[in-house]
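Only one structure is covered here, and it is reproduced in the block below.
The values are calculated or read from the model by the stated rules, or taken from the named source; none is laboratory data. Owing to the predicted nature of the structure, the values given are computational and were not obtained by experimental measurement. A quick note on method: Cβ atoms are made from the backbone with ideal geometry, for glycine too, and the neighbour counts reach across all protein chains shown. In case anyone asks, the SASA skips ligands and DNA or RNA and just uses the protein heavy atoms, side chains included. Shrake-Rupley method; radii C 1.70, N 1.55, O 1.52, S 1.80 Å.
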Amino acid sequence: MLTRRVRGSWRGSALTQRLIRSGFAGSASVTIIVLALIMLFLLREGAGFLGTYRRELETYRRCGLEFCDLVDRPLAQQEDLAGSLRRALSSSLEPLIGQARARRDEALRLKREVDQLTQTQREVFEQAQALPAAQAAAALPEATKALSAALKAASAAVVIAPILSAKQATDLRLQLSTQIPGKEQPLALINQLQQEFLRVDKEAKARFEGLQEAIETLEEAPEDLRETLSELKELALAAKEQATLHHTLEEGRQKLLNAAQNARDPKEKAALLKEAEASHSEPPDESALQAQIAELREPLVLHIGAYSAKVDQLALHLPEAEIQLPEAMELLQKTAQALPRHAAAMRASVPELRQWKADAPVHLRSVLGAFFFGTQWLTNSSWQDFFGFLPLLSGSLIIALIAIAMATPLSVAAAIYCNQFASPREREWIKPVIEFIQAIPSVVLGFIGISLLGDLLKDLSQLPMLSWIPGFPIAERLNMFNAGCLLALMAIPTMFSLAEDALNNVPQAYIDASEALGATQLQTIFRVIVPAALSGMGAAVLLGLGRVIGETMVVLLVAGNRIAIPDFSDSVGVVFQPAHTLTGIIAQELGEVSRGSAHWQALFMVGIVLFAISLAVNAMARAMVRRFELPKS
Amino acid sequence: MPDSRSTDPDADFISVRDFSYAYGSTQVLHGINLSIHRRRITALIGPSGCGKSTLLRAINRINDLVEGAAPVSGSIHIDGVNIYDPAVDVIALRRNVGMVFQKYNPFPRSIYENTVYGLRLAGITDRAQLDEAAEQSLRLAALWDEVKDRLDEMATSLSGGQQQRLCIARAVALRPRVLLMDEPCAALDPIATARIEDLIAQLRDRFSFVIVTHNMEQAKRLSDRTAFLYRGKLIEEGDTLDIFGNPAQPLTEQYVTGRLV
């Protein structure tokens with residue numbers, strides 16, 4: 001049809017026609033070529049990652065850092081455990097000593113306040129004192145009088161919290177009003193309160209002596225182990241530094257040699273070669289290090305054994321009887337359960353330590369595993385960088401699921417309403433308004449998330465009547481749920497339009513047939529139209545998912561950017577934790593890394609995976625539509 | 001005419017009186033008067049755009065949802081009930097007046113589900129009752145033997161003729177009193193057409209058929225009575241033999257002999 005019309009109306013030569021044709025074809029091919037170039041570029045930058053990361057992991061192993069981590073990783077839990085014991089102690093102490101402390105603090109606060117109020121008079125008084133005796137005699141009585149009046153006024157004016165009894169308040173005012181330097185009356189009440197606090201504190205601590213001891217035991221238990229370990233760590237770090245230096249020099253030398261080979265001028269060539277020779281470095285000899293590791297291995301194993309025995313012992317003798325507060329109880333019980341696990345994890349490291357070999361090769365498989373299943377994304381570390389993909393993937397996926405779970409019912413229901421129930425006039429404004437959401441720049445939505453939705457969520461979560469919701473009250477304003485809400489808003493227009501199209505595509509013949517069989521409008525909608533449009537709506541959801549996973553600005557601003565696998569122990573409440581995402585990490589870090597480094601390449605790998613995910617989601621959506629395509633009416 | 005109405009209620013089962021119909025401002029039917037007999041096959045013939053489909057679709061009010069479509073004047077009574085009376089339940093009307101469309105349109109579900117769709121709409125959930133109705137309807141539509149072993153297959157896996165017979169089964173499952181057919185064989189090949197025609201002939205004493213057709217041979221073969229419409233007006237109605245053999249109006253004669261376009 002089209003070609004015939006072009007031919008009919010365009011009476012140019014065959015050449016012109018061919019030019020026009022190739023102009024159109026050119027536009028299509030430019031797009032395809034650009035796409036291919038993007039893929040090529042991504043792959044080129046990312047492909048080096050496996051090699052670089054492998055080299056880094058090899059250094060990590062050869063220099064003994066891995067050996068240290070075998071112990072260090074499980075040992076990290078010890079601080080958490082001690083911390084929760086300390087929290088149990090402080091929350092148990094609080095009700096016993098809180099009052100006494102508050103009383104003392106109130107008295108001290110009042111003294112400071114009176115001091116501040118009388119500052120000027122005090123300074124005048126001090127100046128008068130500093131004067132030569134003759135002048136002082138004249139000025140001093142005046143200043144003393146002024147100061148005394150000011151003190152009286154101030155101590156009468158300060159507001160005393162009801163935590164101090166009326167008598168104490170009166171005493172305190174009296175004592176504070178007589179604080180003229182040089183002739184101070186002792187502040188008896190403050191001293192008394194302080195003494196009382198110390199007594200109460202001592203008594204309370206005595207009641208929880210067992211717990212106190214347990215904390216001290218746990219804190220001191222790994223001292224020997226840590227000492228040996230830090231010795232090892234220092235050695236390892238020094239070795240790593242040497243290895244890195246050697247690698248950098250070697251790389252520079254290779255570059256110089258290459259330049260020399262390409263140089264035309266023999267003089268320049270000689271200079272380059274000389275320079276290369278100068279930067280020659282011997283690969284560091286690690287045999288000494290390895291000997292030291294071997295030497296320290298058995299002492300380390302002994303320390304581990306001793307430490308885990310102590311931990312096990314402690315787990316059996318946690319002084320539960322003293323604790324009464326429910327939250328302290330819970331903390332203590334959790335710790336009691338965690339301690340044997342911790343000891344077991346420590347013991348499990350022993351065989352690993354024994355099997356560990358510095359020169360074991362790092363397989364490509366394990367490099368891939370370290371990337372795709374790595375649980376740590378750790379960069380600019382003084383110890384070792386890790387590029388583990390899981391924290392980012394989990395953040396992206398959870399946020400996308402939240403967004404889709406919210407956007408799907410909304411957009412599908414809106415599409416059904418708009419397509420089936422709305423009057424033509426309603427339809428005329430509903431559709432453009434929903435589609436307008438797309439026009440909101442994502443950075444503006446990010447704003448709304450930070451300034452409005454975040455505060456709103458936090459305030460809501462503190463309402464006592466909503467405390468049954470898991471995860472409430474929330475700790476972070478910026479979290480995955482917040483980001484998910486905004487992304488849902490962004491996905492709605494796409495999903496709404498596509499779902500509406502799907503409903504529109506249901507052949508009129510089905511609707512006629514259903515109505516001719518005596519169906520009501522609702523029956524027709526839910527038994528014929530919606531089922532027939534289901535595949536189209538599924539595709540709409542998938543394309544919405546693609547949009548949500550690829551979105552960057554909102555998640556960067558609103559998701560909270562904490563790089564860690566969320567803690568699923570809180571079931572659904574996990575959504576109120578902050579997270580980082582695949583897209584966010586690229587946007588945030590790409591500008592700050594040196595080109596070509598492992599970190600740079602890792603970000604490109606993330607880009608490639610992101611690209612693959614989007615591609616897969618799109619392909620799925622297309623397949624879904626094709627698989628369930630309705631007969632053409 | 002008034003006489004025959006009073007003496008034989010069957011002859012005036014569906015009674016169209018001075019019926020005019022319009023889509024918005026375009027009037028497409030002008031003062032139609034037509035009696036459709038009980039348990040007879042009535043064919044509506046006429047050139048494209050003459051309003052025969054509109055008349056057919058007015059009988060079960062399927063055009064109600066089309067923007068602006070409404071009768072202008074006159075009435076249609078079925079068995080004495082004015083179907084355009086506001087008190088009439090359209091859903092009940094459509095259960096009593098089944099319809100089969102030009103292009104077979106089974107739902108994209110199983111053969112079984114298609115057959116019992118109308119019954120499910122009516123709220124019947126008893127499996128035994130549905131099974132029995134499905135079998136009976138498929139037998140009535142002469143489809144049972146072909147599909148009894150694959151009731152759970154998609155209806156769209158059937159051939160075109162089978163799909164159209166499935167649509168007939170779906171319509172008769174509700175035991176309507178009237179079956180409206182809008183060119184039921186237009187999308188079918190001659191063999192499938194012959195089977196549908198046989199089927200309609202077998203069912204003639206169970207339902208009152210109104211069939212719109214372009215195919216004059218089909219009208220001649222199938223129908224007991226024929227009505228000829230031209231430009232929204234009823235030109236002539238009568239026994240099929242008379243209309244084709246001895247038409248009273250010159251227009252009718254021109255049309256049935258193929259000289260009127």
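Relative to the Cα centre, the charge distribution of segment A:81-212, modelled as +1 at Lys and Arg Cβ and -1 at Asp and Glu Cβ, gives a dipole magnitude of about 340 debye.
When DSSP beta bridges are limited to those with both residues in chain B, what percentage is antiparallel, rounded to the nearest 5?
That works out to approximately 60 percent antiparallel.
Trypsin sites (Lys or Arg not before Pro), restricted to segment A:119-195: which are DSSP loop and have at most 15 other Cβ atoms within 10 Å?
A:Lys183
The charge dipole of chain B, taken about its Cα centre with unit charges on the Cβ atoms of Lys, Arg (+1), Asp and Glu (-1) only, comes to about 260 debye. Burial of accessible area (probe 1.4 Å, heavy atoms of protein chains only) in segment A:507-537, relative to its chain alone, reaches at least 30 Å² for A:Tyr510, A:Asp512, A:Ala513, A:Glu515, A:Ala516, A:Leu517, A:Gly518, A:Gln523, A:Arg527. Semi-axes of the equivalent ellipsoid of the protein assembly as shown are 85, 43, 30 Å, computed as sqrt(5λ) over the eigenvalues of the C-alpha gyration tensor in descending order.
Remark: the protein assembly as shown carries a charge dipole of roughly 2940 debye about the Cα centre, counting +1 on each Lys and Arg Cβ and -1 on each Asp and Glu Cβ. For A:Lys233, a cut-off of 19 angstrom between C-alpha atoms picks up these lysines, skipping any fewer than 8 places away in its own chain: A:Lys357.
Computed with every protein chain present, the accessible area of B:Glu236 is close to 20 Å² [probe 1.4 Å]. Here A:Arg101 sits with roughly 70 square angstrom of accessible surface, probe radius 1.4 Å. Within a straight-line Cα-Cα reach of under 20 Å, B:Lys148 can be paired with the following aspartates and glutamates, leaving aside sequence neighbours fewer than 8 residues apart in one chain: B:Glu113, B:Asp126, B:Asp131, B:Glu132, B:Glu135. For chain A, averaging the sequence separation of C-alpha pairs within contact (under 8 Å, six or more residues apart) and dividing by the residue count gives a relative contact order of 16 percent. Nearest 5 percent is fine: what portion of the DSSP beta bridges confined to the protein assembly as shown is antiparallel? Here the antiparallel bridges make up roughly 60 percent for the protein assembly as shown.
Between the residues A:Ile448, A:Gln290, A:Gln355, the greatest Cα displacement towards the positive end of the dipole of the protein assembly as shown, with unit charges on the Cβ of Lys, Arg, Asp and Glu, is found for A:Ile448.
Close amide-amide hydrogen proximity is noted between B:Ile235 and B:Phe228, B:Leu229, B:Tyr230, each under 5 Å apart and 5 or more residues distant or on a separate chain (H modeled in the peptide plane; Pro and chain starts excluded).
Once backbone amide H atoms are built at 1.01 Å from N, B:Ser208 has B:Arg39, B:Val178, B:Leu179 as its partners under 5 Å, excluding neighbours fewer than 5 places away on the same chain. Here A:Glu196 sits with roughly 50 square angstrom of accessible surface, probe radius 1.4 Å. When the charge dipole of the protein assembly as shown is built from unit charges on Cβ atoms (+1 for Lys and Arg, -1 for Asp and Glu) and taken about the Cα centre, the candidate among A:Leu75, A:Leu498, A:Leu615 whose Cα reaches farthest toward its positive end is A:Leu498. Heavy-atom accessible area with a 1.4 Å probe sorts B:Glu146, B:Glu197, A:Glu203, A:Glu241, largest first, into A:Glu241, A:Glu203, B:Glu146, B:Glu197.
Taking amide H as placed 1.01 Å from N in the peptide plane, B:Val72 has its amide H under 5 Å from the amide H of B:Ser20, B:Tyr21, B:Ala22, each at least 5 places away in sequence or on another chain.
Would you mind counting up the charge near A:Ala107? Only other residues with Cβ under 15 Å from its Cβ, with Lys and Arg at +1 and Asp and Glu at -1.
+2
Residue by residue, segment A:84-96 carries 3J(HN,Hα) couplings of 6, 5, 5, 5, 4, 5, 5, 6, 6, 6, 3, x, 7 Hz when phi is fed to the Karplus relation 6.51 cos²θ - 1.76 cosθ + 1.60 (θ = phi - 60°); x denotes Gly or Pro. Listed by chain and number, the lysines whose C-alpha is less than 23 Å from the C-alpha of A:Lys111, apart from same-chain residues fewer than 8 away, are A:Lys145, A:Lys152, A:Lys167, A:Lys183. Can you give me the Cα centroid spacing of segment A:526-557 and segment A:289-355 in angstrom? Going from one Cα centre to the other spans 49 Å. What residue among A:Phe387, A:Leu401, A:Pro473 has its Cα farthest toward the positive end of the dipole of chain A, where the charges are +1 on Lys, Arg and -1 on Asp, Glu, each on the Cβ? Comparing the listed Cα positions along the dipole, A:Leu401 ranks first. Of the residues in segment B:103-125, those shielded by at least 40 Å² of accessible area once partner protein chains are present, compared with the chain alone at a 1.4 Å probe, are B:Asn105, B:Phe107, B:Pro108, B:Arg109, B:Tyr117, B:Leu121.
Across segment A:409-421, rounded Karplus estimates of 3J(HN,Hα) from the backbone phi angles (6.51 cos²θ - 1.76 cosθ + 1.60, θ = phi - 60°) give x, 4, 6, 5, 5, 4, 5, 5, 4, 5, 7, 10, 9 Hz, Gly and Pro being marked x. What the phi angles of segment A:565-576 give under the Karplus curve with 6.51, -1.76 and 1.60, with θ = phi - 60°, is a coupling list of 5, x, 8, 7, 5, 9, 6, 5, x, 4, 5, 8 Hz, glycine and proline written as x.
How large is the helix-only mean residue ellipticity at 222 nm for chain B, computed as the sum of -39500 (n - 2.57) over DSSP H runs with n ≥ 4, divided by its residue count, in deg cm²/dmol to the nearest 500?
Rounded to the nearest 500, it is -9500 deg cm²/dmol.
If you run the Gaussian network model on chain B, springs between alpha carbon atoms under 10 Å, then out of B:Arg225, B:Arg139, B:Arg150 the most flexible one is B:Arg150.
Chains B and A together bury roughly 1700 Å² of accessible surface, counting both sides and using a 1.4 Å probe on protein heavy atoms. Structure note, pairs A:Lys202/A:Lys458; A:Lys205/A:Lys334; A:Lys240/A:Lys310; A:Lys240/A:Lys269: Cα-Cα distances above 31 angstrom occur for A:Lys202/A:Lys458; A:Lys240/A:Lys310; A:Lys240/A:Lys269.
Quickly estimate the mean residue ellipticity at 222 nm for chain A, helices only: each DSSP H run with n ≥ 4 gives -39500 (n - 2.57), and the total goes over all residues, rounded to 500. For chain A, the value works out to -25500 deg cm²/dmol.
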